[in-house]
Structure formats: C-alpha cells, structure tokens
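Read the structure below first, then the notes.
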Amino acid sequence: MPVNSRSRVRVPGFCLALAVSVLLQGINAPAEAASSKARAGKQSAVSKAGFLPAASRVLGDALLGPGIPFEGTVFTTVGRGKSKKSLLRCSPAMDSGLACRREYGDPKGGVRFVSATDGAREWAFDAKLNKVWEGPAPAGQADPSAEAGGQYRIALSTGGKVAGRPTWRLDLLPSLRVGLGRRLWVDREHKLILKEETLLPDGTVALRRRFSKVVYGGRHDPGQFRPEPVPGASRAGRLEPEPAERGRIAADAGFPPRFPDWLPSGFVLNGVDLIPYKDKKIVHCRYSDGAVLLSLFQAPPRARVDLGSKARADVRLASGQGFASWTEDAGVLGWASGDTKLVLVAPMGLETLRRVAESVR
C-alpha cells in the first residue's frame, strides 16, 4: 500500500489503540454540543466559530487509526511503577490489517522484549528468558459503527498537545460503578491515539501510555514484522502451554486448566503458577505484553480467591452470570464454569476482560 494512501485500517494492540476497538465495545455515543453544520460532516477540525467535532466521529476515527505508516517512542506506566520505554513501528498490511513491531530496551542499550505481527501471525521474544512465542494474531476487531450498547458515556474536549501534535480528548465514563474508565488523546490530523489512560472507579490512573515522539510516513521493511530465527531459544504457543506441560499442570492442580483463545495483541503466556489450596491447587496463568500484566486465576469450587477487591456488581456473560469488581490497581471479572471458579485481573476495561473470559475453553 503506498505510504500516501488514505485508506484506513484498524489499529491493533501494538500501538496506543491497544485493543481499543474491543475495550470500547458497547459505547453509547451521547448527544454532543455540535452545530448542525458540524453534524452535516464538517467535523474534522474546530471551525472558526469554535465548534467541536462530534465525539462519536472522533472515536470512530481513532478506532480505525491512521492509514499511513508511523513510528514513535512510547512510555507505558502501570500504576505507581516506573515507566517502560518502547519503540513502536507500524505499517498498513497487505490484507487490510496493520503490521506492527514493538521493542522494549534493556539498561545496556539492547532489546529486552520484542513483539511483532504481520497482521496474520504474532511473534514475541524475551531476551532474558531466551524464549520465543508464536501464534495467530487475534481476530474479530469490533466495528466502530456497532459501538452503541450503553456501556459508556462519552465527552469530547480539546486535549492540548501530545508529542508536539494537537489532539482531541475523549473521556469515556463507564455506566457500571465498578467499571474502569478511559481517557484518549487523539491526533487531530492522523487520528492516532497519542495518549491513553485507564482509570479506576476512584479516579486513580491504573495504566498510562503516551507517545513522546511520533513520525508519520516513510517505509518499513516488511521483514521486521515477521517471525525471526533465534538460535537456542525455547519455543512456546502464544496463549497456552504445550500439551505435555498442560497435562502436568492438570495432574498437579487436581483439575484440568483452561486457557483463552483470545487476548489483545502482544500478550503471551509468561508462566503458570500453582498456589496450594487444601488437597488441590489454584492455577495462576500470567500473561504479559512486555509492560502490562493480565492474570487468570482458576480455583476449585469452594476456594476463595482473595484479591482485595472493592465493590462488585453482577454482569452478564455468554456463559451465564458473572461479577465485575476492581482492586487498588486493576479491573476484575469473575465467573464459574462447571466446577471451576475463574477470575481475570488486569488494568483493562470490562469489555476487554469479558472478551477474554468468553474465549476461555
């Protein structure tokens, strides 16, 4: 695709729109204070009269992302932890997806963790573990036109500059009192999310990602988005252990573990821990994208997984009733499947946790 193409593609998890089209599923676009002229389509910038574009239009553009290559430096901060710096490169892929590569550096100037996708396959390498993961890229990004289920209220304002570029700011306020909210700063010209914050119900920022520098256009070598040979590295599937390891976990835990078929782009299975509980075990599956952690706990029927959760509310899942809650640094989604209790914990919105939960098999 030529670099000056204006066709648009959905931005996958490797950039700041990390699973935004999933995280924001069910957004209810509110009435906006835009003039009839803005509603008629002149919504791409502030007019001379000072009108704002429609919030739903800005959100839809952000979910699609830019239609040209870009690269930049991104800082990711989880809770009160230290920021992690990464280099991000993305280009439109031949099959209408987006090919991306993210590299986290180490203190010595090398690469600590790299993840890449060509739009069809995903690949990651951890230099410290000398381990490679590979598997299909996640499918089924949401259509922005379908974002209308009443899960959020949305407000638009001027966002100031991020990475030296003017932005619109979108505030997404969850209708569920225990849900996590979001703030997005969207590049007015290229529609890329340059900054995002995930907010706990008490207003604490659980996750922040921010471009400090971004450059649009240019060309990227397609080879950097494909799997690379790493001599001597161990290999694993992206989302679940190899069959032999899965059997060992089942024998030690006393019940067969389950694993998701879907996670946001960039996430891989970092490990599985077994937590003693009477004559059985609680299974803790740890997933990471190099900066953000997602935990899946699986427990026997009468076990209690105490995460220090706050208030909770009932939610509906495809498999039945579940509950949503939050901790001092993450969102929580719990449910039961057969004789197993399952709990997801991550600094992500309810829609993403629900998407992961409904893929667990």
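The values are calculated or read from the model by the stated rules, or taken from the named source; none is laboratory data. Quantities reported herein were computed from a predicted structural model and do not represent experimental measurements. Every residue, glycine as well, gets a Cβ built from its backbone with ideal geometry; the counts of neighbours run over all protein chains shown.
Kindly evaluate Gly334 against the criterion of being closer than 23 Å to Leu207 by Cα, buried (at least 20 other Cβ atoms within 10 Å of the Cβ), in contact with an Asp or Glu (Cβ under 6 Å, 6 or more places away or on another chain) and not charged (D, E, K, R).
Here the answer is no, as Gly334 does not meet what is asked.
Restricting attention to the range 72-100, the residues being closer than 21 Å to Arg121 by Cβ, in contact with a Leu (Cβ under 9 Å, 6 or more places away or on another chain) and surrounded by fewer than 20 Cβ atoms within 10 Å (Cβ to Cβ) number 1.
Checked against (1) aromatic (Phe, Trp, Tyr); (2) more than 15 Å from Arg361 (Cα to Cα); (3) touching a Leu at 6+ places or on another chain (Cβ under 8 Å), Tyr277 passes all but a single condition, namely (3). Please count how many residues of the range 69-83 are in contact with a Phe, Trp or Tyr (Cβ under 6 Å, 6 or more places away or on another chain) and either of a type outside the set (Phe, Trp, Tyr) or under 16 Å from Glu228 (Cβ atoms) (or both). Number satisfying all stated conditions: 3. Restricting the first member to the range 196-224 and to residues that are closer than 12 Å to Phe75 by Cα, and the second to residues that are part of a strand (DSSP E or B) and hydroxyl-bearing (Ser, Thr, Tyr), the beta-carbon pairs closer than 6 Å and six or more apart or on different chains are Leu207/Thr198; Arg208/Thr77; Arg209/Thr76; Ser212/Thr73; Lys213/Thr73.
Can you find even one residue in the range 277-296 that is of a type in the set (Phe, Trp, Tyr), under 25 Å from Glu245 (Cβ atoms), crowded, with 16+ Cβ neighbours inside 10 Å and in contact with a His (Cβ under 6 Å, 6 or more places away or on another chain)? Within the range 277-296, none of the residues are of a type in the set (Phe, Trp, Tyr), under 25 Å from Glu245 (Cβ atoms), crowded, with 16+ Cβ neighbours inside 10 Å and in contact with a His (Cβ under 6 Å, 6 or more places away or on another chain). Among residues of the range 342-360 that are over 12 Å from Val292 (Cβ atoms), those with a Cβ under 6 angstrom from a residue that is of a type in the set (D, E, K, R), sequence gap 6+ or separate chain, pair up as Ser359/Asp261; Val360/Arg258.
Val268 meets all of the listed conditions (1) closer than 29 Å to Arg102 by Cβ; (2) modelled with pLDDT under 95; (3) in contact with a Lys or Arg (Cβ under 7 Å, 6 or more places away or on another chain) but one, namely (2). Among the residues of the range 195-217, those identified as touching a Ser or Thr at 6+ places or on another chain (Cβ under 9 Å) and of a type outside the set (Val, Ile, Thr) are Lys195, Leu200, Ala206, Leu207, Arg208, Arg209, Arg210, Phe211, Ser212, Lys213. Reported count of residues in the range 347-361, each being under 21 Å from Pro257 (Cβ atoms) and either within 12 Å of the chain's Cα centre (by Cα) or β-branched (Val, Ile, Thr) (or both), is 4.
Answer yes or no: is there a residue in the range 102-121 that is in contact (Cβ under 8 Å) with a residue 12 or more places away in the chain, in a strand (DSSP E or B), among the charged types (D, E, K, R) and in contact with a Lys or Arg (Cβ under 6 Å, 6 or more places away or on another chain). For the range 102-121, residues in contact (Cβ under 8 Å) with a residue 12 or more places away in the chain, in a strand (DSSP E or B), among the charged types (D, E, K, R) and in contact with a Lys or Arg (Cβ under 6 Å, 6 or more places away or on another chain): absent. Every listed requirement among (1) closer than 21 Å to Glu134 by Cα; (2) not in a strand (DSSP E or B) is met by Lys310 save one, (1).
Criterion applied to Gly164, Gly181, Gly160 was being farther than 14 Å from Pro66 by Cα, out of contact with any His (no Cβ under 6 Å at 6 or more places or on another chain) and crowded, with 17+ Cβ neighbours inside 10 Å, and the one residue passing it is Gly181. Of Leu274, Leu293, all but one fail to be at pLDDT 95 or above, closer than 27 Å to Trp326 by Cβ and touching a helix residue (DSSP H, G or I) at 6+ places or on another chain (Cβ under 8 Å); the exception is Leu274. For residues that are aliphatic (A, V, I, L, M) and assigned to a strand (DSSP E or B), scanning just the range 253-270, find the one that is surrounded by the most Cβ atoms within 10 Å (Cβ to Cβ). Residue satisfying both the conditions and the ranking: Val268. If you filter the range 227-251 down to residues that are of a type outside the set (D, E, K, R) and in a loop (DSSP other than H, G, I, E, B), you find that the one that is surrounded by the most Cβ atoms within 10 Å (Cβ to Cβ) is Leu239.
Exactly one residue out of Ser325, Ser359 is under 28 Å from Gly203 (Cβ atoms) and polar (S, T, N, Q), and it is Ser325. Looking only at the range 74-101, residues that are within 18 Å of Leu207 (Cβ to Cβ) and assigned to a strand (DSSP E or B) come to 9 in all.
Only a single criterion out of (1) of a type outside the set (Ser, Thr, Tyr); (2) surrounded by fewer than 16 Cβ atoms within 10 Å (Cβ to Cβ); (3) free of Cβ contacts under 8 Å to residues at least 24 places away in the same chain is not satisfied by Arg169, namely (2). Would you point out which residue out of Phe297, Phe323 is touching an Asp or Glu at 6+ places or on another chain (Cβ under 8 Å), closer than 19 Å to Leu180 by Cβ and among the hydrophobic types (A, V, I, L, M, F, W, C)? Only one candidate qualifies: Phe323.
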